[in-house]
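One structure is given below, encoded as structure tokens.
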Amino acid sequence: MNTTQQPPLPTYDHLSGAGPTLVFLHYWGGSARTWDLVVERLAGRDMLTADFRGWSRSSNLAGPCTLRQLADDTLAVIADAGITDYVLVGHSMGGKVAQLVAATRPTGLRGIVLVGSGPAKPAAGVTAEYREGLSHAYDSDESVAGARDHILTATELPEPVRSQIVTDSRACTDAARTEWPLRGIAEDISEHTRMISVPALVVAGENDLVEPVDVLRDNLVPYLSAADFMVIPKTGHLIPLEAPADLVDAVTAFAPGAARPDARPGDGS
């Protein structure tokens, strides 16, 4: 009898529907619900959203909150959910995690969508001084609001979404809040990204100040063997919240849904 206790997993939500499954990975400061405006436009698709270790409903999980730990957690969640055919959709920090996951060439992965993603090779502007300042962006509700309004977004957002950004950015452990700005953002993963063998789509925001168009074009796309590149007009860094309809169009064009294997013509499935 095997009594080995499995380590706790990050909290996730799996919506059953037509595949391939879209596995959504959130940004530093976000949560599973960062994708709500995208998910609601994809009714009928098989989808998984998760709160990374140290964030929101997974804030009970101890560190480390390194990129590799988040990648291992992602693979564990996918296995736990029984998902065998999927596309990774990673935003910002989640995009860098998605690159590490895809680099392992897991069975069942058929594509990767990188949305305002942390690039494979850090941009020149990611200096020690920049990282130290960034590590304090979520120190208070006021600092989050300032980052939201002056750095993260380039469009007007409804008040509930504005409030959600503040709440989610503050709902984290110290380890989760500091790991990305102090270490993860500066990690060069280009040798891993070169190992990705599935098709990729890189989505940039025209007015993204965090991961600008030229950074993604120069520091990410060249390391992907098969990548399409597109720019969503007018949006800033928080593309899933600022331009969810445009993002859904991009994702569904890249990874169209198929009928469920158990569906029969005319049965309403």
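Derivation of every value follows stated rules applied to the coordinates shown; laboratory data play no part. Predicted model only: the values in this text are computed from it and were never measured. Glycine also receives a Cβ, built like all others from the backbone with ideal geometry; neighbour counts cover every protein chain displayed.
Points worth noting:
- Label-to-label distance, ALA128 versus ASP174, with points set 7 angstrom from Cα along the beta-carbon direction: 2.2 nm.
- Point-to-point label distance, SER16-ALA76, nm (Cα→Cβ direction, 7 Å offset): 2.6
- With a Förster radius of 30 Å applied to the C-beta separation of SER143 and GLU40, the computed FRET efficiency comes to 0.50.
- Ranking of HIS192, HIS237, HIS91 by neighbouring Cβ atoms within 10 Å, starting from the fewest: HIS192, HIS237, HIS91.
- Max mean-square fluctuation residue, GNM over the chain, Cα-Cα springs under 10 Å, options SER163, SER92, SER117: SER163
- Calculated mean residue ellipticity, 222 nm, the chain: -9000 deg cm²/dmol, from DSSP H runs (n ≥ 4) at -39500 (n - 2.57) each, averaged per residue and rounded to 500.
- Remark: the Cα gyration tensor places segment 12-254 in the rounded category, a/c being less than 1.5.
- Overall, the anisotropy analysis places segment 154-254 in the oblate class: the square-rooted eigenvalues a ≥ b ≥ c of its C-alpha gyration tensor yield a/c not less than 1.5, with a/b not exceeding b/c.
- Site pair ARG217 and MET230 shows an inter-label distance of 1.8 nm when each label is modelled 7 Å from Cα along Cα→Cβ.
- Footprinting exposure proxy ranking of LYS234, LYS96, LYS121, fewest other C-beta atoms within 10 angstrom first, gives LYS234, LYS121, LYS96.
- By the beta-carbon count within 10 Å of each Cβ, the least crowded to most crowded order of LEU88, LEU61, LEU114, LEU157, fewest first, is LEU157, LEU61, LEU88, LEU114.
- GNM top mover of PRO20, PRO160, PRO244 - the chain, alpha-carbon springs below 10 Å: PRO160
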